[in-house]
Ligand SMILES: NC(=O)c1ccc[n+]([C@@H]2O[C@H](COP(=O)([O-])OP(=O)(O)OC[C@H]3O[C@@H](n4cnc5c(N)ncnc54)[C@H](O)[C@@H]3O)[C@@H](O)[C@H]2O)c1
């Protein structure tokens, strides 16, 4: 893992490392933040690895609808396997429940965890419809527990620097915000899990599953989306209901325009790229590296950013292999979440943020299905076409 490329936004080391800002009682509490994972598949291993490296976090429990999967995960990670979700939720050592089930199976365990008074971390997408996202957000609000949506890319150093430059107004008037996720997934990938590539459980294809990280980045950088036009197709895979190729044009509320391309049909799978431009600057980030960083008014840090963040991180970010990702972003986000529990402040990426990327993607789908431009906010979830 290349943790050097990641920074904890604004609060370096407050949870992991220098905890002098906490009193003794708080320190003891930090040490005791217990996590329980629901869904012991591919991504749960990244959560386990991340938690292992966070001082003040302990993985105490896990649950999977298949008892054998929970047992295997528990044995590998030294935690208690539960074969009943309610029993895990009754465990007083579990403070946070992390949902790592298939995307369309996030809502039920997330709502149950909130009702049990547990803080909730949900893997992306928060859920696959706005109605289901809202059920999670409402349950967490009602039960006064914190909610985060996993979006590790926001914690990359290059993306953090870019966001700061935007907030300082260094781009002048933002004119263009584009993001390209031209990835490759084999047919075996879709065949490997019954839920992959289905509307019911994946909630979509290249946009909802793969490009959602960059959709999240784009609205974080550019602001609210006003209108979208989308076109999607299933061009390179069989036995999937969802799109493996999509293009969309975007108009942001600030007037800027943009493009979001999302595929799992482009061999060999390219590094994802985001390009932000305005009347006085352009930044291009490929995966976690700065490719271009140029402003009309150069400042003292610009050259440092160009040299230090242009180093190849070597992280392919899952361009062709879904498990070839770093857990550094997960680690920083979980640290941020622990801090939000301790301080009561909003997590860096909360439930409302998680809902936003789902809404933009659903708008792209609606436009693609109707052939019409779609304006945000969406009044309701679009009707998913019946599987052929
Ligand atoms: N942040 C990232 O970079 C990233 C990467 C990959 C996957 N994900 C997300 O993580 C989630 C899981 O993906 P994955 O690749 O690990 O899938 P997976 O199929 O490998 O694992 C899912 C696990 O959940 C279990 N499960 C299914 N339904 C359940 C239920 N109702 N209750 C309890 N357990 C249940 C399955 O038995 C399986 O063990 C998805 O939402 C996906 O979008 C995020």
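The values are calculated or read from the model by the stated rules, or taken from the named source; none is laboratory data. Worth saying up front: this structure is predicted, and the values here are computed from it rather than measured. Note that each Cβ is placed from the backbone with ideal geometry, even for glycine, and that neighbours are counted across all protein chains shown.
Please determine, by comparing only the residues of segment 227-262 that are closer than 28 Å to residue 168 by Cβ and over 22 Å from the mean Cα position of the chain (by Cα), which one is surrounded by the most Cβ atoms within 10 Å (Cβ to Cβ).
Filtering segment 227-262 for residues that are closer than 28 Å to residue 168 by Cβ and over 22 Å from the mean Cα position of the chain (by Cα), the one surrounded by the most Cβ atoms within 10 Å (Cβ to Cβ) comes out as 256.
Of 201, 208, which residue is surrounded by fewer than 23 Cβ atoms within 10 Å (Cβ to Cβ), closer than 22 Å to residue 356 by Cα and in contact with a helix residue (DSSP H, G or I) (Cβ under 8 Å, 6 or more places away or on another chain)?
201
Can you name the condition, by its number, that residue 342 falls short on among (1) within 15 Å of the chain's Cα centre (by Cα); (2) outside the structural domain of residue 267 (by TED's automatic domain parsing)?
(1)
Report yes if some residue within segment 13-35 is within 16 Å of the ligand (Cβ to nearest atom) and either on the phi > 0 side of the Ramachandran plot or modelled with pLDDT of 50 or more (or both); otherwise report no.
Looking for residues that are within 16 Å of the ligand (Cβ to nearest atom) and either on the phi > 0 side of the Ramachandran plot or modelled with pLDDT of 50 or more (or both), one finds at least one in segment 13-35, hence yes.
Which of the strands (runs of 3 or more DSSP E) contained wholly in segment 195-278 include at least 3 residues that are in contact with a strand residue (DSSP E or B) (Cβ under 7 Å, 6 or more places away or on another chain) and farther than 23 Å from residue 371 by Cβ?
Ranges flagged: 273-278.
Return the residue satisfying two criteria in turn: it lies in segment 108-153 and is near the ligand (Cβ under 9 Å from one of its atoms) and in a helix (DSSP H, G or I), and of such residues it is farthest from residue 363 (Cα to Cα).
109
With the condition being exposed (fewer than 15 other Cβ atoms within 10 Å of the Cβ) and without any contact (Cβ under 8 Å) to a residue 40 or more places away in the chain, I'd like the strands (runs of 3 or more DSSP E) fully within segment 41-107 carrying at least 3 qualifying residues.
none
Conditions tested, residue by residue: (1) in contact with a helix residue (DSSP H, G or I) (Cβ under 6 Å, 6 or more places away or on another chain); (2) more than 12 Å from the ligand (Cβ to nearest atom).
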{"position": "172", "(1), (2)": "no, yes"}
{"position": "212", "(1), (2)": "yes, no"}
{"position": "219", "(1), (2)": "yes, yes"}
{"position": "228", "(1), (2)": "yes, yes"}
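Here is a check on your reading of the model: is residue 166 in a helix (DSSP H, G or I), more than 16 Å from the ligand (Cβ to nearest atom), within 18 Å of the chain's Cα centre (by Cα) and in contact (Cβ under 8 Å) with a residue 40 or more places away in the chain?
Answer is no for this residue.
Of (1) at pLDDT 95 or above; (2) assigned by TED's automatic domain parsing to the domain that holds residue 248; (3) more than 24 Å from residue 50 (Cβ to Cβ); (4) within 16 Å of the ligand (Cβ to nearest atom), residue 180 satisfies all except one. Which?
Only one criterion in (1) at pLDDT 95 or above; (2) assigned by TED's automatic domain parsing to the domain that holds residue 248; (3) more than 24 Å from residue 50 (Cβ to Cβ); (4) within 16 Å of the ligand (Cβ to nearest atom) is unmet by residue 180, namely (4).
I'm told residue 287 meets every condition in (1) surrounded by fewer than 17 Cβ atoms within 10 Å (Cβ to Cβ); (2) under 23 Å from the mean Cα position of the chain (by Cα); (3) free of Cβ contacts under 8 Å to residues at least 40 places away in the same chain except one. Can you identify the failing condition by its number?
(1)
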